Amino acid sequence: MMRNPNAAHIDFTELKGLFGTKSPSDIDMILRSGNRFLICEWKRGPNEKPMYGQELLLRFLSKNPSFTVLIVWGNTDNGMIVDKFFKVNFKGPCTVLGNSINQYKQYLMDWDNGKLSQ
């Protein structure tokens, strides 16, 4: 489904300093359903954490009731593997939502169908 599976990550080094100490951040997945948005940031597991600025961005997006923000531990190296996924909360720890690809897919379908509350 990715248009270019060989696409490299974008290097934002050239933009360093343009925004003071702030720097751009990338997001791995965004999905729109009506006026709602689902954002997923993929990490390979508990040892790969979002950078501080990215964590702040994800938390602030989660504060907006139109946004649902997830962190997914897994990869797509050889098919899609989901070890665990979490809902990002503006304050406090993330909430564990599931621990399998099937639970992740079900969550995505339920979100898309409006079956989940913010």
> Which ones in the range 19-61 are of a type in the set (D, E, K, R) and farther than 18 Å from L108 by Cβ?
Replying inline: K22, D26, R44, E48, K49, E55, R59
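Tally the residues that are aromatic (F, W, Y) and part of a loop (DSSP other than H, G, I, E, B), restricting the search to the range 38-93. Write out each step before concluding.
Keep residues of the range 38-93 that are aromatic (F, W, Y), which gives 42, 52, 60, 67, 73, 85-86, 90.
Going one step further and asking which of them are part of a loop (DSSP other than H, G, I, E, B), we end up with 90.
Counting residues in the range 38-93 that are aromatic (F, W, Y) and part of a loop (DSSP other than H, G, I, E, B) gives 1.
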>> Filter the range 6-48 down to the residues that are more than 18 Å from L70 (Cα to Cα) and either surrounded by 10 or more Cβ atoms within 10 Å (Cβ to Cβ) or among the hydroxyl-bearing types (S, T, Y) (or both) and list them by number.
In response: F12, T13, L15, K16, L18, T21, K22, S23, P24
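Going by the structure shown, is N113 closer than 12 Å to I39 by Cβ and out of contact with any strand residue (DSSP E or B) (no Cβ under 6 Å at 6 or more places or on another chain)?
The answer is no for N113.
Regarding L56, is this residue at pLDDT 90 or above and farther than 16 Å from F86 by Cβ? Lay out the reasoning, then the answer.
Working: at pLDDT 90 or above: yes; farther than 16 Å from F86 by Cβ: yes.
Answer is yes for this residue.
Would you call V96 aliphatic (A, V, I, L, M) and either under 12 Å from the mean Cα position of the chain (by Cα) or exposed (fewer than 15 other Cβ atoms within 10 Å of the Cβ) (or both)? First the steps, then the outcome.
Details: aliphatic (A, V, I, L, M): yes; either under 12 Å from the mean Cα position of the chain (by Cα) or exposed (fewer than 15 other Cβ atoms within 10 Å of the Cβ) (or both): yes.
Taking the combined requirement at face value, the residue satisfies it.
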> Quick check: is even one residue across the range 61-77 more than 30 Å from T21 (Cα to Cα) and loosely packed, with under 15 Cβ neighbours inside 10 Å?
Replying inline: yes
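The values are calculated or read from the model by the stated rules, or taken from the named source; none is laboratory data. Remember, it's a predicted structure, so these values are computed and weren't measured experimentally. Don't worry about glycine lacking a Cβ; one is built from the backbone with ideal geometry, like all the others, and counts go over all protein chains shown.
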